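This report concerns only the one structure given below.
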Amino acid sequence: MELVRREDPQLREVVWFAGRCRALTLLLQASAVFNLLIPDHAADAFSPPRLSEPSPWDVLVEWLLGGLSHWDAEHFLFIAEHGYLYEHNCAFLPLYPLSLWAVARGVLWPLQRLLRLRSRLLLSAVLLNSLFSALAAAALYELGRLVLRRRRVAFLAALLFSLSPANVFMAAAYSESMFAFLAFAAMWQLEKGQSWLGGLLFSLASGARANGLINAGFFLYSQGKRFALQLQVGPGSLRKLPLLWKQLLSLASSAVLMSAGIFLPFAVFQYFAYVRFCGPGTGLEGTVPEPLLQLARDKGYRPAAMDGDKPPWCSQRVPVVYSYIQDTYWNVGFLRYFELRQIPNFLLALPVTLLVSWAAWTYVSANPWHCLTLGLERSKSEGEEKPRDGFCCPAAFVYVVHATALLAFGFSCMHVQVLTRFLGSSSPILYWFSAHLLQEHEPLLWSPGTDNPPPGRSVLGESPGSCGKGTPDNPVVRLLLNWRLITPLSKGILGFFLCYWLLGLLLHCNFLPWT
């Protein structure tokens with residue numbers, strides 16, 4: 001596979017570092033470590049009853065990995081085991097639970113005599129998320145190499161991804177790891193000019209998380225930029241362009257088809273939910289285990305395909321269950337979270353909010369005209385001098401806009417504490433800008449004997465113990481081992497990553513509220 005080609009030692013280090021970080025995550029979250037320090041909190045969260053008696057092996061799996069099945073993970077595991085039985089399950093899109101079901105009933109089928117289905121689903125989540133996290137780190141590295149054109153910054157950013165502040169959600173039975181891989185890989189393919197493959201990956205991403213729909217903007221911008229630049233090649237050349245209106249029609253139709261493909265999985269799922277919850281009763285209650293029906297009665301959940309009153313969203317002109325659930329069950333809406341009692345959650349979101357806002361300000365300050373023209377004006381010096389590389393390069397514009405849009409929407413319309421994982425799994429900007437700051441301001445990452453990091457040179461070469469085998473030095477490990485020597489800015493960035501990495505495991509895995 002191209003993502004893990006052997007001739008790139010930095011890519012190998014990215015994948016190996018991701019694997020080691022995931023192993024450490026699984027070790028620390030295990031009941032044997034953190035649950036001995038903090039017992040599970042009795043949270044008022046979705047907690048369906050278990051329908052079969054656990055075997056000793058089930059008990060062992062739950063003891064070792066149970067911390068990864070809390071909060072929204074219960075929904076994904078429940079959907080993979082029982083389908084979309086309750087209305088509020090439809091807030092979770094189907095690609096990830098389908099993948100869990102396929103692995104549990106396929107790859108892990110030989111374990112069915114030892115483990116019940118739920119335990120195999122939990123094991124599937126661990127295996128899939130470990131794989132997707134490593135692939136996402138590799139895709140982020142390749143994307144960074146193409147966009148930033150600074151290998152060392154791309155390398156550092158990919159390593160930081162493995163220490164993501166959203167780490168616990170990359171490890172737990174959530175869809176974040178899958179989505180990060182699909183989104184970063186799609187962006188990478190689009191940068192390579194592989195539009196149809198990028199479109200397919202973006203389409204799959206929108207089947208995993210609803211915020212994947214905004215990725216259609218990458219195609220719209222790409223096609224619009226291509227046409228705008230063609231119009232600026234000069235009058236003489238313009239007349240030589242074969243039938244400009246046909247080119248416009250071709251680009252527009254391509255953008256529309258790609259965008260429709262990205263929206264298709266979400267639209268199909270909304271139709272599925274409409275048929276399941278708004279169609280005539282099918283006597284489904286006869287096939288649903290009584291404990292699950294009793295849970296619905298106790299908690300006020302609305303089961304699927306039952307006789308009686310239909311949900312209010314069924315009568316809407318455009319019946320979209322996703323937005324109804326967000327509004328009704330979780331009170332998600334514009335400025336609804338702006339309450340005094342939510343101040344602690346705003347404080348949780350403050351570091352990532354400041355970091356992404358700083359990234360946007362830095363980029364706009366360095367490229368004011370490029371931003372004003374939306375990057376659609378051909379550079380007058382194009383071909384005369386090499387364009388700027390690094391974080392402030394012209395190619396990063398669309399990614400900065402994407403991250404800023406996600407930040408604005410999440411801060412004003414969502415439960416603000418989820419911003420960390422929302423941005424950490426959707427945008428490369430969090431990692432690119434952090435790597436940019438470290439590379440620009442941390443002397444330990446500069447070439448020996450210089451005061452500034454010269455282009456193309458740094459001490460990210462072979463490690464002292466590599467014996468000339470091409471093993472790259474891991475800059476993140478080096479900074480952590482020299483903690484006392486690094487700058488306050490470096491301590492702030494790495495401290496944010498590490499604190500959220502560890503606190504997320506400690507709190508989330510013990511059913512305590514986290515981001």
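The values are calculated or read from the model by the stated rules, or taken from the named source; none is laboratory data. Keep in mind it's a predicted model, so treat the numbers as computed, not measured. Neighbour counts run over all protein chains shown; Cβ positions are idealised from the backbone, glycine included. Ligands, DNA and RNA are stripped out before the accessible areas are found, and what is left, the full protein with its side chains, is counted by its heavy atoms. Shrake-Rupley method; radii C 1.70, N 1.55, O 1.52, S 1.80 Å.
Quick rundown of the values:
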{"read-out": "Estimated inter-spin distance, Phe409 and Trp16, nm [label 7 Å along Cα→Cβ]", "value": "3.9"}
{"read-out": "Solvent-accessible heavy-atom area per residue, rounded to whole Å², over the chain at 1.4 Å", "value": "46"}
{"read-out": "Exposure of Glu62 as accessible area (Å², to 10), given a probe of 1.4 Å and all protein chains", "value": "70"}
{"read-out": "Linear extension gain, Ala45 paired with Asp298, 0.36 nm per residue minus alpha-carbon span", "value": "89.7 nm"}
{"read-out": "Heavy atoms of Val398: accessible area, 1.4 Å probe, square angstrom to 10", "value": "30"}
{"read-out": "Cα gyration tensor of region 57-108 - equivalent ellipsoid semi-axes, whole Å, descending", "value": "20, 14, 8"}
{"read-out": "Dipole magnitude of the chain about its Cα centre (Cβ charges: Lys, Arg +1; Asp, Glu -1), debye to nearest 20", "value": "1220"}
{"read-out": "Leu98-His441 pseudo-label distance in nm [points 7 Å out on the Cα-to-Cβ vector]", "value": "4.5"}
{"read-out": "Accessible surface ranking that places the most exposed of Val400, Val15 first, with a 1.4 angstrom probe", "value": "Val15, Val400"}
{"read-out": "Solvent exposure ordering (accessible area, 1.4 Å, most first) of Trp71, Trp313, Trp245", "value": "Trp245, Trp71, Trp313"}
{"read-out": "Carbon + sulfur, % of accessible area of the chain - ligands and nucleic acids excluded, 1.4 Å", "value": "65"}
{"read-out": "Spin-label model distance (nm) - Val320 vs Arg388, 7 Å beyond Cα toward Cβ", "value": "3.6"}
{"read-out": "Cβ crowding within 10 Å averaged over residues, with 155-166, 181-192, 74-85 ranked highest first", "value": "155-166, 181-192, 74-85"}
{"read-out": "By accessible area with a 1.4 Å probe, ligands and nucleic acids excluded, highest first: order of Arg116, Arg50", "value": "Arg50, Arg116"}
{"read-out": "HN-Hα J in Hz across region 135-140 - Karplus 6.51, -1.76, 1.60, θ = phi - 60°, x for Gly and Pro", "value": "5, 5, 4, 5, 5, 5"}
{"read-out": "Probe 1.4 Å - accessible area at Ser99, Å² to nearest ten", "value": "30"}
{"read-out": "Charge dipole (the chain, unit charges on Cβ, about Cα centre) - positive-most of Met414, Ser195, Val321", "value": "Ser195"}
{"read-out": "Computed FRET value (nearest 0.05) for Gln247 with Val59, which takes r as the C-beta separation and R₀ as 56 Å", "value": "0.30"}
{"read-out": "Mean projected area (nm²) of the alpha-carbon convex hull when the chain is viewed from all directions", "value": "28.6"}
{"read-out": "Rg ratio (alpha-carbon, reference 2.2 N^0.38 Å) - region 313-408", "value": "1.58"}
